[in-house]
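Participant: One structure, pasted below without further comment.
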Amino acid sequence: MTDADMVEEVQPGSRWALVVAVAGAALLTADVMGLLGTRSREALVVLGGAGLVAASFGILRHRPRPVWPWLLQILALALFLAGGATRVEFGTLGDLSAHRSLVPDMLTLPGYVLLATSLVGLARCRRPPGSSDLDATLDAVIASIAALTVAWVYLINPALSEQHVPVSTRLLFAGYPAICVFLVAFGARIAFSSGTDRPLALRLLFVTLLCTLAGETIYMLVDAHIARIDPRFVDVPFGLAYVALMSGFLHPSIREVSRPVRRLSSEPRRGRFVFVAVALCVPAVVTLSRGERGLPDRVILAGVVIACTATAAWRMFRALRQHARAEARMAHQATHDALTGLGNRTSVRDHVDELLSQSGDETIALLFLDLDRFRLLNDSFGHGLGDELLTAVGARLEDNSRAGDLVARVGGDEFVIVARGVRELDHVRELAERTRLSLSRGFRVRDVEIPVSASVGVALHRASDPATSAEAMLRDADIAMYRAKDAGGDAVAVFDASMRQRVEDRLELENELRHALERGELHLAYQPIVRSQDGRITSLEALLRWSHPRLGEIEPSMFVPIAEDTGLIVDIGAWVLDRACADLVALREMVDHSDQLCVAVNLSARQLRDNTLLDHVARSLLGRGLPASGLRLELTESLVMENLALISKLLVSLRSCGVRISVDDFGTGYSSLATLDRLPVDEVKIDKSFVDGIAEHGANTTLVSAIVAIAESLGITTVAEGVERAEQADRLQALGCDQAQGFLFSTPVAFEELPGVISRLGLAAAPALSVVPDTA
């Protein structure tokens, strides 16, 4: 029993189905054992009447949709009851005379028509959306032909051959098996459906059909004097059919029977194969087992065998065609991307290797494209829109590629174009630039305008070059693409041998960085931030440094991007937070009047996406005993603006705890002044590029003045970065900039040197000394 079955059987209301099944089985057992005495003939009527009540109650309680197939079954049951009652009343069982009443049969036969119509309706209702499920229909036809063969040989033909029996009675004897064959066909059609769900009510319906078929077969054998069966057992199959019918109508899963199947099974059940195989053998076995027969009998059996063979041949043809289509589909899936329909990495390897094997004097170019900031798009708009954008990008690349070039998607947002017949390097550059520019027009997805840029790496293979492979070209183009991305993105880079050395150097740095923290090679340097009006220290910025015993001092610009790409920045960033908080607490203890001094720590994009950031901040503050006001977290302007919708809640949560937020590199690349009021921050740091020329260039002065004025109106502190000359500091002070940072005041220094720097510059929070005149 499957888990789904177990769930079905404990649904509310299933208890009634069980009670009815047990009670009905007990009544039938008592009848067979002769315990009912003179009331034995009434047992079937009682079960049938109970079936009508139970079926009606089940329809009202569970309300299956559509309801009409079930109402037809109730009407069929009513006709069966009426037919059975009149059979007993008129005593038609075994009466082959001309005086036999046809009333019972005129009531019963329409019941079978209604039942068959109900099965047709259920089969159509259960058909999966968009699928005819023709294989199930063909298997059902094979089963019905087998049943027709048996019925013809053992029931219909013998009944029609009884010349002493009235024609009307012989036609009735032939009609019942034909209707039973029809029921077999549609019962098998429902049973062979590809749906994986088999509600208990559906299985009870199958039991009802099987018992009804068995009952009619036994009844006809007895009625036509073909077989002798104890009268006590003649009505048992009908009684079991009534019990199964009642239980099915009362079970809650009746609602599932007339619904379309939820999903198709990956392959037909083994029992279905066995059933169909046996059914295919039946016509031949039955035909061969019979002795002499007349011409009409031989013609009918020959027609049955031909029909069965034709149906089986059609079924086999469909199976072979489906198998061929499945193989073709699997082959296509193995070499194509499921989302865009473009080729995948496998198809690129195969195509390039084939070109390399037959290139001759031809030059082959492989363009490797990676969309810039695609992860940000997914985070902002969701993966569904991201997938649609990738599909649109693939379509545009195909539209703009040359005939014969291969366009493929080889990764999440990575595409490859394989071009053959390129003439020279300038031709390749032109092709790559045209491809890059084709994406710069942007895309409109779900009424959202999405700007797109791509970094393009190019690898070439000329006839004069040493033998290479598709994997080597993919690797080289990938290296060149990262070179273009390191240059700021939206660029083209052509691979050369020096790039491979840079990659090897980067891999070495990455490997060493993985152990730098545990080896104690990382440390912090601190650069003071001072108050513009008097040059006194207000805070310190913690700057990460790496001193390698063999490679020496490694610039942050070299190892921080590696830490970001590999995810090492999360652990390193947590260490920086904790170390900076610990150093500030120690510094406050060492320096008088420094309780208002705070420390600034930079955050990366990867840290912001990590759901443990809040925990790291809280653990560092509580573990070191530092008030939240002593910590300021710095984020670059691009990072804040690109992720504003996602990180706003995080920034609000941090600020509500007392932690202050600062925006670094402010003024670069965004409409910052127009959106400054949307930023949940306490401080903005004006980028060094605006400070450099502030004493000479009017444009820089105007921009800095505007930033200071707007920030002041919003209650946001301004800090100027990269102040190196006294005239810059004077100009910033005149413009009203609150604070400044740069080499003019101090270079970044080790923690041990901070007391000396503080002693030289002074603390902005130090108490001012006042001279009180002596009045004595």
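Participant: Under a 1.4 Å probe, what is the accessible area of region 367-482 per residue, stated in Å²?
Facilitator: Averaged over the residues of region 367-482, the accessible area is 45 Å².
Participant: Ignoring ligands, DNA and RNA, how do 86, 108 rank by accessible area with a 1.4 Å probe, largest first?
Facilitator: Reading off the accessible areas and sorting them downward yields 86, 108.
Participant: Assuming a viscosity of 0.692 mPa s and a temperature of 37 °C, what translational diffusion coefficient in µm² per second does Stokes-Einstein assign to region 40-149, Rh being the Kirkwood radius over Cα pairs?
Facilitator: For the chosen part, D equals 200 µm²/s.
Participant: So who's got an amide H within less than 5 Å of the one on residue 762, skipping anything under 5 residues away but keeping other chains? H placed 1.01 Å off N, in plane.
Facilitator: When sequence neighbours closer than 5 places are left aside, the close amide H contacts are 537.
Participant: Also: Report the one residue of 86, 114, 35 whose Cα lies farthest in the direction of the positive end of the charge dipole of region 14-132 (charges on C-beta: Lys and Arg +1, Asp and Glu -1; origin at the Cα centre).
Facilitator: Selected residue: 114.
Participant: When all protein chains stay in place, what accessible area (Å², nearest 10, 1.4 Å probe) is found for residue 536?
Facilitator: 90
Participant: Okay, next question. Give a residue-ordered list of calculated ³J(HN,Hα) values for region 632-641 (Karplus: 6.51 cos²θ - 1.76 cosθ + 1.60, θ = phi - 60°; whole Hz; x for Gly, Pro).
Facilitator: 10, 9, 9, 10, 5, 4, 4, 5, 5, 5
Participant: Related question: Based on the alpha-carbon gyration tensor of region 368-490 and its eigenvalue square roots a ≥ b ≥ c, which shape applies: rounded if a/c is under 1.5, prolate if not and a/b is larger than b/c, or oblate?
Facilitator: Since a/c reaches 1.5 and a/b is larger than b/c, the shape of region 368-490 is classed as prolate.
Participant: Please calculate the 1.4 Å probe accessible area of residue 361, with all protein chains present, and give it to the nearest 10 Å².
Facilitator: Surface open to solvent at residue 361 totals about 150 Å².
Participant: Whose amide H sits under 5 Å from the amide H of residue 445, counting only residues 5 or more places off or on another chain, with H placed in the peptide plane?
Facilitator: Here the answer is 450, since their amide H atoms fall under 5 Å of that of residue 445.
Participant: Leaving out ligands and nucleic acids, and using a 1.4 Å probe, what accessible area per residue does region 40-107 come to in Å²?
Facilitator: The answer is 51 Å² per residue.
Participant: With charges only on Cβ, +1 for K and R and -1 for D and E, what is the dipole size of region 422-518 about its Cα centre, in debye, rounded to 20?
Facilitator: It works out to roughly 460 debye.
Participant: Further question: Can you put 523, 548 in order of accessible area, largest first, using a 1.4 Å probe?
Facilitator: 523, 548
Participant: Can you give the Kirkwood hydrodynamic radius for region 512-627, in Å, rounded to one decimal and based on Cα pairs?
Facilitator: 15.3
Participant: Residues with amide H under 5 Å of residue 363's amide H, sequence separation 5 or more or different chain, H placed in the peptide plane at 1.01 Å from N; which?
Facilitator: 421, 422
The values are calculated or read from the model by the stated rules, or taken from the named source; none is laboratory data. Keep in mind it's a predicted model, so treat the numbers as computed, not measured. Note that each Cβ is placed from the backbone with ideal geometry, even for glycine, and that neighbours are counted across all protein chains shown. Ligands, DNA and RNA are stripped out before the accessible areas are found, and what is left, the full protein with its side chains, is counted by its heavy atoms. Shrake-Rupley method; radii C 1.70, N 1.55, O 1.52, S 1.80 Å.
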